[in-house]
1. Out of (1) assigned to a loop (DSSP other than H, G, I, E, B); (2) β-branched (Val, Ile, Thr); (3) open to solvent by less than 50 Å² (accessible area, probe 1.4 Å), the odd one out for Val186 is which?
2. Of all residues in the range 50-79, which are aliphatic (A, V, I, L, M) and more than 13 Å from the chain's Cα centre (by Cα)?
3. Mind telling me which of the residues Thr66, Thr129 ends up being part of a loop (DSSP other than H, G, I, E, B) and among the β-branched types (Val, Ile, Thr)?
4. I'm trying to understand the selection: among the residues of the range 24-43, which are in a loop (DSSP other than H, G, I, E, B) and either within 10 Å of Met3 (Cβ to Cβ) or among the small types (Gly, Ala, Ser) (or both)?
5. Please determine whether any residue of the range 147-162 is of a type outside the set (Ser, Thr, Tyr), open to solvent by 30 Å² or more (accessible area, probe 1.4 Å) and either touching a Ser or Thr at 6+ places or on another chain (Cβ under 6 Å) or under 18 Å from Ser58 (Cβ atoms) (or both).
6. Can you tell me which residue within the range 70-127, out of those that are among the small types (Gly, Ala, Ser), over 24 Å from Thr179 (Cβ atoms) and free of Cβ contacts under 8 Å to residues at least 60 places away in the same chain, is least open to solvent (accessible area, probe 1.4 Å)?
7. Condition first: more than 17 Å from the chain's Cα centre (by Cα) and in contact (Cβ under 8 Å) with a residue 12 or more places away in the chain. Now tell me which residues in the range 167-187 satisfy that.
8. Just name the residue that is most open to solvent (accessible area, probe 1.4 Å) out of those in the range 47-60 that are out of contact with any helix residue (DSSP H, G or I) (no Cβ under 6 Å at 6 or more places or on another chain) and closer than 17 Å to Ala126 by Cβ.
Amino acid sequence: NEMRVAQQLPDMKAMLPGYTFSGWGSDSATDPYTGTFYAVLFRTDLFDLLDEGHFFLSKDTSRPKTCWDCSTNKRLTVWAKLRVRETGEILFYFLTHLDHSGSDARNEGARINLEKIREIAGHYPAIITGDHNSSAIRYPFYDLFTAYMDDARKVSATPFPWTKDGTLCKWDPENKDTTRLDYIWVQGASVNTYIH
C-alpha cells in the first residue's frame, strides 16, 4: 500500500498484467497520482469493478491533511466495490494505512474507517486490510475494529500456521517475529484460511 508513482506503480502494473489497479495518491484531493499511491488490486478475470473511491484519514475526510498527533505523512483509505463474476455476489474491499507515530491519529483513523465502511458498504460484505501500525494490545485501536468486524486471523476456519503472528519482517521472509502491524478485518464474510 505504499507505491511510489514514478517507480513502483509502473513496475507493479507490468508484473501483474492480469490485475486491475484501483487507487489514489496520498497528497492531493484532485490528482490521483500525487504522493504515495495506495491501490486495491484484483484479478480482472474474476471480478468486475462497480464503483471505487477514497477518503482521507483527517478531520476533513475529503482533503489530505495531517491531524491529531500524527506524523507528517498524509494517510488515506481506498476502496472498491466488486462483483464476483462467477456468482454475482457483491463485496467491498478497503485498503488503509494508519499513522505510525500518533496513537490519537491511529485511533481516529480506525474510527473514520469504521464509520465509512458502514456508510459505503451498507449491508454488503466488507474487507479492510493494510498497515495499521499497531499491535492488538494497543487500545482502543483493536477494540474499535472488533466492535464491528472480525479479525480474520482469529476467525479463520483453518488455524494460523505459525506460533508467532508478527508481520514486521524487514524484507526477510524467514523473520516471523511478534510485531503485528498488518491486519485483515472482515464483516459479513467467512474466512477459510489466513496466512501472511
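The values are calculated or read from the model by the stated rules, or taken from the named source; none is laboratory data. Here the structure is a predicted model, which means the values were calculated and not measured. For neighbour counting, all protein chains shown are included, and Cβ atoms are generated from backbone atoms with ideal geometry for every residue, glycine included. Heavy atoms of the whole protein, side chains included, go into the accessibility calculation; ligands, DNA and RNA do not. Shrake-Rupley method; radii C 1.70, N 1.55, O 1.52, S 1.80 Å.
1. Failed condition: (1).
2. Across the range 50-79, the qualifying residue is only Leu50.
3. When all the criteria are applied, what remains is Thr66.
4. Ser26, Ser28, Ala29, Gly35, listed by residue number.
5. No, that holds for no residue.
6. Ala80
7. Correct list: Lys176, Asp177, Thr178, Thr179.
8. Only one residue tops the list, namely Glu52.
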